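**Q** My questions will all concern the structure given below.
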Amino acid sequence: MSLLFQIPAVILVTLACGSLARKLGQSRVIGEIVGGILLGPSVFGRIAPAAANAFFPQSAMASFEILSTVGLIIFLFLIGTEVNIDHLYRQRATAALSSAMSILMPFAMGALLAPSLRNRFAPQGVGNASFVLFLGIAMSITAFPVLARILEERGIQSSKLGSTAILCAAVGDIVAWILLALALALVGAGGSSLSLPVRLIGLAIYLLAMIGLVRPIAARLLRLRQRSDLSIELLGIMVAFAFASAAATDALGLHPLFGAFLAGLCFPRANAWQETIRERLDVLVSVLLMPLFFAVTGMRTRLDLLNKPTMWLWAAIILMAATLGKVGGAAVGARWTGQSWRDSLALGVLLNTRGLVELIVLNIGYNVGVFSPTLFTMMVIMALVTTMCTTPALNLLGIQNDATSR
């Protein structure tokens, strides 16, 4: 089946499910992922397997992945351009402690569950250290793009709460990817030819270059052209830089989304330029590319593998442990830095958003033989449910718009 037929089918289904999710009080992201599940093996493939294989053959996934990755890079670049850096500086203590606690607590929960889960669900021959690392990473990671999308939909991406959550997620996920590199090294399946020390040195050089060189150059460019509109040529250079930055972090063994986000952080803070870049890129990203990203995730999910009550019980245990560790850790960290309980809990709820980035980690663990299909499915359910709980929990805490979160 031609990609030109597959794309409109994915867009229409994800848009319909996203609209329904909004009417039910959920984030559009949830609907888009559910739309992907409907198109995947769990629903469409189960009802009409021959038609599903004909319409969405395995060979088509490569094209979807390329398009969705492009959309993800542009989207996170846009999110980076809108982060309020002044809020980040004022909230640096909260962000540092909350991100640390939101990693340590769920990682500890994963380590406690690891022996039981390894005995029941891990493939034969999996080492204890590598299993603990993969499970702990999957429990502690935040779905950076999903969090960004939720913040954007609620209009709080530039608020104190939104900026702090973005920073915590960015720091936490960088730590998680570094741990993932270590875990891959333990199982001998790293995707980069660079050793872990070389990656760390390269990451330090990259961060210093972005903060100490690129940001000042961008600020100087703004001063020189402060009365000029953002031209097509300048916009093209900035988008090209976002992809180059994403390629740099990808080469270092991190996910390219971090490079795209950091490129956005270096974008000059001029309201007119920010509005222009949003107007010119947002429609393409929101309507076409991001739905493909969420749909690909849903189409890889296999809910039919949990066919026994004990498996659902273990899925519930994983869900409770992940939620308690993530929300509790982030909230305690924020409270220790003087935040109110309301804002502390709201930060914990936001960081409990999982989904896409975690699914990347889970797929890596599955591909290298650390996670069995059954455990993989349990972790996917945990990721989806924690993400679905984010919007209702924010509503319960009264986090409705930018004004309420400053």
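**Q** Suppose we filter THR353, THR323 for residues that are within 21 Å of the chain's Cα centre (by Cα) and in a helix (DSSP H, G or I); which single one remains?
**A** THR323
**Q** Still on this model: Considering GLY338, GLY398, GLY325, which residue is surrounded by 15 or more Cβ atoms within 10 Å (Cβ to Cβ) and of a type in the set (Gly, Ala, Ser)?
**A** Every option except GLY325 fails the conditions.
**Q** Given the criteria modelled with pLDDT of 90 or more and closer than 14 Å to ALA334 by Cβ, does MET105 qualify?
**A** yes
**Q** Continuing with this model, one more query. ALA331: modelled with pLDDT of 80 or more, small (Gly, Ala, Ser) and open to solvent by 10 Å² or more (accessible area, probe 1.4 Å), yes or no?
**A** Judged against the criteria, ALA331 is not a match.
**Q** Right, something else. Tally up the residues in segment 42-53 that are open to solvent by 50 Å² or more (accessible area, probe 1.4 Å) and at pLDDT below 85, please.
**A** The number of residues fulfilling the criteria is 1.
**Q** What about VAL43, is it in contact with a Leu (Cβ under 9 Å, 6 or more places away or on another chain), β-branched (Val, Ile, Thr) and more than 30 Å from ALA260 (Cβ to Cβ)?
**A** Judged against the criteria, VAL43 is a match.
**Q** Could you check segment 1-41 and list, in sequence order, the residues that are open to solvent by 10 Å² or more (accessible area, probe 1.4 Å), touching a Lys or Arg at 6+ places or on another chain (Cβ under 7 Å) and either under 22 Å from GLU65 (Cβ atoms) or among the polar types (S, T, N, Q) (or both)?
**A** ARG28, PRO41
**Q** When both residues are 6+ apart or on different chains and their Cβ atoms are under 6 Å apart, which pairs have a first residue that lies in segment 366-382 and is open to solvent by less than 10 Å² (accessible area, probe 1.4 Å), and a second that is not in a helix (DSSP H, G or I)?
**A** Final answer for the pair search is VAL370/VAL126; THR377/ARG302; THR377/LEU306; VAL380/THR301.
**Q** Among the residues of segment 126-148, write down those that are open to solvent by 10 Å² or more (accessible area, probe 1.4 Å) and either free of Cβ contacts under 8 Å to residues at least 40 places away in the same chain or under 16 Å from LEU72 (Cβ atoms) (or both).
**A** Scanning segment 126-148 gives ASN128, VAL132.
**Q** From the list LEU375, LEU384, exactly one residue is under 25 Å from GLY155 (Cβ atoms) and in contact with a helix residue (DSSP H, G or I) (Cβ under 9 Å, 6 or more places away or on another chain). Which is it?
**A** LEU384
**Q** Would you mention how many residues in segment 257-294 are surrounded by 21 or more Cβ atoms within 10 Å (Cβ to Cβ), over 14 Å from the mean Cα position of the chain (by Cα) and small (Gly, Ala, Ser)?
**A** Of the residues in segment 257-294, 2 are surrounded by 21 or more Cβ atoms within 10 Å (Cβ to Cβ), over 14 Å from the mean Cα position of the chain (by Cα) and small (Gly, Ala, Ser).
**Q** Scan segment 383-395 residue by residue and report those that are open to solvent by 20 Å² or more (accessible area, probe 1.4 Å), assigned to a helix (DSSP H, G or I) and touching a residue at least 60 places away in the same chain (Cβ under 8 Å).
**A** LEU384, VAL385, MET388, PRO392, ASN395
**Q** So which of ALA129, ALA138, ALA170 ends up being within 21 Å of the chain's Cα centre (by Cα) and modelled with pLDDT of 80 or more?
**A** Being within 21 Å of the chain's Cα centre (by Cα) and modelled with pLDDT of 80 or more holds for just one of ALA129, ALA138, ALA170, which is ALA138.
The values are calculated or read from the model by the stated rules, or taken from the named source; none is laboratory data. Values in this document were obtained by computation on a predicted structure and should not be read as measured data. A quick note on method: Cβ atoms are made from the backbone with ideal geometry, for glycine too, and the neighbour counts reach across all protein chains shown. The protein model used for the area step is the full one, side chains on, heavy atoms only, and it has no ligands, DNA or RNA in it. Shrake-Rupley method; radii C 1.70, N 1.55, O 1.52, S 1.80 Å.
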